[in-house]
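Participant: The structure is given below, and queries will be raised subsequently.
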Amino acid sequence: MQDRIQLVSVIAAVILLGIILELVRRRRLMERYALLWLGSGLVLLGLAIWREALTELAHALGIFYPPNALFLIAFGFVLFLLMHFSLAVSRLSDQTKVLAQRLAMLEQRVRANEESQADTSALEEREPAAR
């Protein structure tokens, strides 16, 4: 039973690493984010293969069934990644707001320049007619 769970864990970790590498290869996942995923996948793969380390870690955490410790660690990595991506999304949201404000200010300046050029050309057209 435990050998089957270890085999499933190893296969799942290898599949995760393969998916990450394929996403990076296709340019669907940026390298800086891929490093986080690769790190977590390698830790999970290492713990799935190295049964003694997983057993020691499980006992240190007070978990009596070592594969449950593996799932707890995976859950911890997912929480860490969610927090990291939430921070990234928040930062990007703030940057988008600033860029939208700057774009609005530039559009206002362009409109004001176009209006002043239109007024200047209208005045120049009237002056020769007045002479």
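The values are calculated or read from the model by the stated rules, or taken from the named source; none is laboratory data. On a predicted model such as this, the values are computed, not experimentally measured, just so you know. A quick note on method: Cβ atoms are made from the backbone with ideal geometry, for glycine too, and the neighbour counts reach across all protein chains shown. Side chains included, ligands, DNA and RNA excluded: accessible areas come from the protein's heavy atoms. Shrake-Rupley method; radii C 1.70, N 1.55, O 1.52, S 1.80 Å.
Participant: With springs only between Cα atoms under 10 Å apart, run a GNM on the chain and tell me which of 106, 57, 38 wobbles the most.
Facilitator: In this elastic network of the chain, the residue with the biggest mean-square fluctuation among 106, 57, 38 is 106.
Participant: Could you tell me the distance between the Cα centroids of the range 1-40 and the range 74-131, to the nearest Å?
Facilitator: 40
Participant: Sort largest first and round to whole Å: the equivalent ellipsoid semi-axes of the range 1-48, each the square root of five times a Cα gyration tensor eigenvalue. Can you show the working numbers first?
Facilitator: Working: eigenvalues 117, 22, 4 Å².
After diagonalising the Cα gyration tensor, the semi-axes are 24, 10, 4 Å.
Participant: Go ahead and estimate [θ] at 222 nm for the chain from helices alone: -39,500 (n - 2.57) per DSSP H run with n ≥ 4, summed, over the residue count, rounded to 500. Don't jump to the answer; show the numbers that get you there.
Facilitator: Details: 4 runs with 119 residues, N = 131.
Estimated from H runs of four or more residues: -33000 deg cm²/dmol.
Participant: Something else about it: Only sites in a loop by DSSP and with at most 10 other Cβ atoms within 10 Å count here; which chymotrypsin sites (Phe, Trp or Tyr not before Pro) in the range 13-106 make the cut? Please report the intermediate quantities before stating the final value.
Facilitator: Details: sites: 33, 37, 50, 64, 71, 75, 77, 80, 85; in loops: 50, 64.
Answer by residue number: 64.
Participant: Pop out the ³J(HN,Hα) list for the range 91-101 in order, Karplus 6.51 cos²θ - 1.76 cosθ + 1.60 with θ = phi - 60°, rounded to Hz; leave Gly and Pro as x.
Facilitator: Using θ = phi - 60°, the values come out as 5, 5, 5, 4, 5, 5, 5, 5, 5, 5, 5 Hz.
Participant: For q values of 0.17, 0.20 Å⁻¹, compute log₁₀ I(q)/I(0) with the Debye formula on a Cα-only model of the chain, without solvent.
Facilitator: -0.96, -1.13
Participant: Could I ask something else about it? Amide H neighbours of residue 63 under 5 Å, counting only residues 5+ apart in sequence or on other chains, H built in-plane at 1.01 Å?
Facilitator: none
Participant: Apply the Karplus parameterisation 6.51 cos²θ - 1.76 cosθ + 1.60, with θ equal to phi minus 60°, to every residue of the range 76-83 and state each ³J(HN,Hα) to the nearest whole Hz, in sequence, with x for glycine and proline.
Facilitator: So the J values, rounded to whole Hz, are x, 5, 5, 4, 4, 5, 4, 5.
Participant: Show the residues, 5+ positions off or on another chain, whose built amide H is closer than 5 Å to the amide H of residue 29.
Facilitator: 24
Participant: Here's another thing I want to ask about it. In units of 2.2 N^0.38 Å, what is the alpha-carbon radius of gyration of the range 44-83? Can you show the working numbers first?
Facilitator: Details: Rg = 10.2 Å, N = 40, 2.2 N^0.38 = 8.9 Å.
Taking N as the residue count of the range 44-83, the ratio is 1.14.
Participant: Which ³J(HN,Hα) values in Hz, rounded to whole numbers, follow from the phi angles of the range 23-29 under the Karplus curve 6.51 cos²θ - 1.76 cosθ + 1.60, where θ = phi - 60° and Gly and Pro get x?
Facilitator: Once rounded to whole Hz, the list reads 5, 5, 4, 7, 6, 8, 10.
Participant: How many percent of the accessible area of the chain is carbon or sulfur, using a 1.4 Å probe? It would help to have the intermediate numbers written out before the result.
Facilitator: Details: 6680 of 10270 Å².
It is 65 percent, rounded to a whole number.
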